[in-house]
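Remarks on the structure that follows.
Values quoted throughout were computed directly from the atomic coordinates according to the rules given, and no laboratory measurement underlies them. Bear in mind that the values here come from a model prediction, so they are computed numbers and not experimental data. With ideal geometry, Cβ positions are generated from the backbone for all residues, glycine too; neighbour counts draw on all protein chains shown.
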Amino acid sequence: MSKTIWVVAQRGESGISRTTKEILGKAKELAGDGGAVAGIYCGASKDGVAEGLQAAGASQVVLMVDPKLDTYVAETYTSALGALARDRKPDVILIPGTLNGKELAASLAASLDGGAVQDCTHLDWDGDVLVGTRAFFGGNLTATVENRSSGPKIFSVKPKAFPLPADGAGGGGDVEEVAPELPASARTTVVEFLADEGKTVNLIDANVIVSGGRGLGDPEGFEIVNDLAAALGGAVGASRAVVDAGWIPYAHQVGQTGKTVKPKLYIACGISGAIQHLAGMRTSDNIVAINKDENAPIFKVAHYGLVGDVFEIVPELTKKFKEALQG
Amino acid sequence: MKAIVFVKEVPETPEGVSVSENGQVQAAGGGNFLTDPIDPFAIETALQIKDAKGGEVHAVTAGNSRAEKILKEALAMGVDNSYLVADDALEGSDPNAIARVLAGAAKKIGDYDLLVTGDRAADDNSSIVTAALAQLLDIPVLTFVSEVVDFDADAKKIRVVRTLENGRQVMEATLPAVISVMKGIHEPRYPSLLGIRKASKREVPSWSLADIGVDPSTVGAAGSPTKIRSLDPPPAPSGVEMITGSPEEMAATLVQRIMDKKVL
């Protein structure tokens, strides 16, 4: 069985995003022997894109470069990608499952008269049918969903669902530039982008994440979490409860409605472990839970559990990790 | 200003939720269905625009006669009219197909400036209907809206803030447009007692697929491009090592474990 799989590329901080690379790795497996993995890019500049896509496994690259594609907008991207898909009829289109990626998946599916399956964490062939697995009801259930669209089968894929392919996994195939089909006039415009707090919170790529929840008592309680994260060179995460309460910006939120993370070490401080939080971090390599309630659900997914006062335990951890890492 | 809010009933809890052979989500023993918790935020958004600019707000859902209950709740909150699309052919519809039904209902109501939905349904969490509606009706879409900055029905423009992973994006679109709103955009109002009493006496018109010009073969189990095969509990956890002692002892043991595993 050989298939043509498209992966819609998103830019990251340098080159294409990590999630795009993860999906390219999976696409290669899904395409099968003799199948094709095409990296499809829309943007205003093609700098480094083709090389990045090829290095992560793309056997073909299509670049649609136009100033009107500078920032993602549903209408322009759907127009460009929809026209290309109608023309070339790929079997499958995979899209990084960011908020914009999910909007694009739904929009593109409707424009191609088919359907999208969102936020997939597994993708597998069942005979000739591609089946996605996704969290349902905030992660309380896992849904297995088949896509039987007559045209391209569209799936958005959760970040960190698949491992990064080894560098140089590709490809080195054809790079083609295609003039995008764009709407005559723009009905939607981006006025401005206000980045969170002047610095990027890179939870997705962090090897270590220290997260805080309600158990920290108040916004000032995050100081002990910040200190431990700094000692470990890690990022700071948070539960939805404290983001909703305004203690810390949304960019830090881990969970079904925030970011899905898979660091080597995840330390949850004063987080009880609502199912929607667990959905975003349960596949981390090593999970440490610190909570005063020994019955907190977070201990069910943790590898190491510490029952006690976060304000006593976390500063001790900071001190001892500092000593161990210096020694 | 004419707004249409699309609402949805969802099972009260995930306990006992399953999927039928044709892909229809069902609650144990026909269990309780409620208004999706995100929907009052969508209704409030439309009502606040109406309060400021005048006009009318309509609520629509697709399903079966059971969903009349949530449309009466929308009336009690203050929407002017509610409409139910109920048809046996809808059984097993996926979100992609439901978007076709709601697009049909929007055309039937007609002459709208703004369509509003929640940003993700509490049960399927898919976020499909909003962007699909935009395509089917050929209007702009703005999803994950956390603030409506300006709504100008005369100049036919809306300006919103979208909250994305790494910041806030200010966007503008021409009207008519469809938006999805996030929880917390406004505090939803409580229905007044008078509102509840009045709503209980209102008739909710029910439309069939034929009434709204939607071909039954494009919806339901057979017409849906995707299908839920199964709903299962999440994978079982691996087991935890509880570390005990004083805070200092616990910290020492944990640091040892992590250093031994060469994680850092």
Inset, instruction - Let me know the charge dipole size of the range A:70-142 about its Cα centre in debye, to the nearest 20, where only the beta-carbon of Lys, Arg (+1) and Asp, Glu (-1) is charged. - result: 60
Inset, instruction - Calculate how steeply helix B:68-77 sits against the longest principal axis of the alpha-carbon atoms of chain B, using the helix alpha-carbon long axis, and give the answer as 0 to 90 degrees to the nearest 10. - result: 80
Inset, instruction - Based on other C-beta atoms within 10 Å, arrange A:Y41, A:Y72 from fewest to most. - result: A:Y72, A:Y41
Legend entry - Separation of alpha-carbon centers, the range A:119-182 and the range B:189-237, rounded to whole Å: 28
Legend entry - CD proxy at 222 nm, helix term only [per DSSP H run n ≥ 4: -39500 (n - 2.57); per residue of the protein assembly as shown; nearest 500]: -8500 deg cm²/dmol
Legend entry - Gain upon complete extension [A:E51, A:D244; 0.36 nm per residue less C-alpha separation]: 65.4 nm
Inset, instruction - Give the residue from B:H58, B:P11, B:G31 lying farthest towards the positive end of the charge dipole for the range B:1-131; charges sit on Cβ (+1 for Lys and Arg, -1 for Asp and Glu) and the dipole is referred to the Cα centre. - result: B:H58
Inset, instruction - Find which of B:P95, B:V79, B:Y112 sits farthest along the positive direction of the dipole of the range B:77-217, computed with +1 on the beta-carbon of Lys and Arg, -1 on that of Asp and Glu, about the Cα centre. - result: B:V79
Legend entry - A:H277, B:H58, A:H252 arranged by Cβ crowding within 10 Å, fewest neighbours leading: B:H58, A:H252, A:H277
Legend entry - Ranked list, fewest to most other Cβ atoms within 10 Å of each Cβ, for B:M242, A:M64: B:M242, A:M64
Legend entry - Peptide A:202-211, shielding by other chains (average Cβ, 10 Å cutoff): 1
Inset, instruction - Could you tell me which of A:G39, A:I209, A:S150 has its Cα farthest along the dipole of chain A towards the positive end, charges placed at Cβ (Lys, Arg +1; Asp, Glu -1), taken about the Cα centre? - result: A:S150
Inset, instruction - Quote the charge dipole size of the range B:135-211 about the Cα centre in Debye, to the nearest 20; the model charges only the Cβ of Lys and Arg (+1) and of Asp and Glu (-1). - result: 420
Inset, instruction - Please determine, in degrees from 0 to 90 and to the nearest 10, the orientation of helix B:39-53 with respect to the longest principal axis defined by the Cα atoms of chain B, where the helix direction is its Cα long axis. - result: 50
Inset, instruction - Give me a single rounded figure for A:70-80: the average over its residues of other chain Cβ atoms within 10 Å of their Cβ. - result: 3
Inset, instruction - In whole angstrom, note down how far apart the Cα centers of the range B:9-27 and the range A:48-65 are. - result: 42
Legend entry - Relative packing of peptides A:102-111, B:194-203, B:208-217, B:223-232 - highest average C-beta neighbours within 10 Å first: A:102-111, B:223-232, B:208-217, B:194-203
Inset, instruction - Ignore the peptide's own chain and count Cβ atoms of other chains within 10 Å of each Cβ in B:10-21; give me the average, rounded. - result: 2
Legend entry - Dipole in debye (nearest 20) - chain B, about Cα centre, beta carbon charges: Lys, Arg +1; Asp, Glu -1: 380
